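Let me begin by presenting the structure, written as structure tokens, before commenting on it.
The values are calculated or read from the model by the stated rules, or taken from the named source; none is laboratory data. What you see is a predicted model; the values in this text were computed from it and never measured. Every residue, glycine as well, gets a Cβ built from its backbone with ideal geometry; the counts of neighbours run over all protein chains shown. Heads up: the accessible areas ignore ligands, DNA and RNA and are worked out on the full protein's heavy atoms, side chains in. Shrake-Rupley method; radii C 1.70, N 1.55, O 1.52, S 1.80 Å.
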Amino acid sequence: MNKPKVIVTRRWPAEVENQLKALYDVQLNESDIPMTADELKLAMQTADALLPTVTDPITSDIIGVENRRVKVIGNFGVGYNNIDINSAKEHGVVVTNTPHVLTDCTADIAMLLLLMSARRAAEGERLILNRQWKGWGPTQLVGQKVTGKTLGLIGFGRIAQAMARKAHHGFGMKILFYVPSTPDPAIVEELQAVRCGSLEELLTEAHFVSLHCPGGAATKHLLNEQRLKLMRPSAHLINTARGDVVDSDALIKALKEHWIAGAGLDVYENEPHLNPGFLELDNVTLLPHLGSASEETRVAMGNRVLNNIAAFFARSEPEDRVV
Ligand code: DGY
């Protein structure tokens, strides 16, 4: 029997690419240059499985391309807002993602941003790199204490809970959260977490606000000018979720006019072309979407995709099926 044809849209860790080569008739992307819409359409017509990632917009035009051969899209990433899920459902294309394996690493980056923003670490490093540091001073780069403060989580899924564990057990932080669904009472108990009745209540009370909701139309600009104004002037906003959850123009205004003290961002609207206003600010820490970027996690994400498509080709249910 012929091996299924699999197309991978970006470079993956070598050990996962080697497994793909052994198992499938695979087309890798050695240049790592994101594929164009036309290239993605052609891939849909020539492969049995497409393995895209968060940088590939898999639109309804691409899914609905005529003479489509692809029957399964194995996304490399837990977030799948890059894929038009309704269109996949409509065309009977199976979509999978990679949950669980990136939970801790993404929560670590959220904690890193929280600490960097609170303690003005990026500003401090810029001072040294720009050769402007004149030595220690009692009032120099004074930030905010983290231990014992209140962390407000918007969304309370796996990554939010992992961050809450690190913050509560490691830094003695009090945990507030806001989520429309009902969370597991055992986890709420373990973290002595308090559920807020509204987003507004959480924004008003928290010293640090961290975003953990999915991206997409339902959460676009959830944090707008009006909501940012509810935050404490000493508060910091952390975003490791998706850039479009925050209105960047409003956030830039909030940071410039000091409605809030700082922000730590790993994700952006229109990534990688972030709003240039961010580059003018001192009170923002900017990372280039590093949430899952550890060797262990990236290999585990690749293996998760391999398991999902192997299940699909074996005619069983992929573990991480989204639609
Ligand atoms: C995801 O998996 O959704 C991340 O944003 C990529 O690390």
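Would you mind listing the helices (runs of 4 or more DSSP H) fully within segment 67-134 where at least 1 residues are surrounded by 21 or more Cβ atoms within 10 Å (Cβ to Cβ)?
Values: elements: 85-90, 103-118, 121-129.
Ranges flagged: 85-90, 103-118.
Of all the numbered requirements in (1) surrounded by 21 or more Cβ atoms within 10 Å (Cβ to Cβ); (2) in a loop (DSSP other than H, G, I, E, B); (3) away from the ligand (no atom under 15 Å from the Cβ), ASP282 misses one, and that requirement is (1).
Just for segment 221-232: of the residues that are in a loop (DSSP other than H, G, I, E, B) and among the hydrophobic types (A, V, I, L, M, F, W, C), which one is least open to solvent (accessible area, probe 1.4 Å)? Per the stated criteria, the residue is MET231. Contact map, segment 80-102: first residue at positive phi, second residue open to solvent by 10 Å² or more (accessible area, probe 1.4 Å) and away from the ligand (no atom under 12 Å from the Cβ), Cβ cut-off under 8 Å, separation 6 or more or different chains; pairs are GLY92/LYS71. Beta carbons closer than 7 Å, at least 6 apart along the sequence or on distinct chains, pair a first residue in segment 287-313 that is under 22 Å from VAL6 (Cβ atoms) with a second that is open to solvent by 50 Å² or more (accessible area, probe 1.4 Å) for SER292/ARG298; VAL299/GLU15; LEU306/GLN19; ASN307/GLU319; ASN308/GLU319; ALA311/GLU317; ALA311/GLU319. Within segment 242-260, the set of residues being more than 16 Å from the ligand (Cβ to nearest atom) and assigned to a helix (DSSP H, G or I) comprises SER248, ASP249, ALA250, LEU251, ILE252, LYS253, ALA254, LEU255, LYS256.
Residues of segment 198-220 that are open to solvent by 30 Å² or more (accessible area, probe 1.4 Å), small (Gly, Ala, Ser) and touching a strand residue (DSSP E or B) at 6+ places or on another chain (Cβ under 9 Å): SER198 alone.
Would you be able to tell me the number of residues in segment 265-285 that are within 14 Å of the chain's Cα centre (by Cα) and not acidic (Asp, Glu)? Let's see the steps before the verdict.
Applying the first criterion (within 14 Å of the chain's Cα centre (by Cα)) to segment 265-285 yields 265-272.
Narrowing further to those that are not acidic (Asp, Glu): 265, 267-268, 270, 272.
Residues meeting the conditions: 5.
Among the residues of segment 45-60, those identified as under 21 Å from GLY79 (Cβ atoms) and either assigned to a loop (DSSP other than H, G, I, E, B) or over 25 Å from the mean Cα position of the chain (by Cα) (or both) are PRO52, VAL54, THR55, ASP56, PRO57, THR59.
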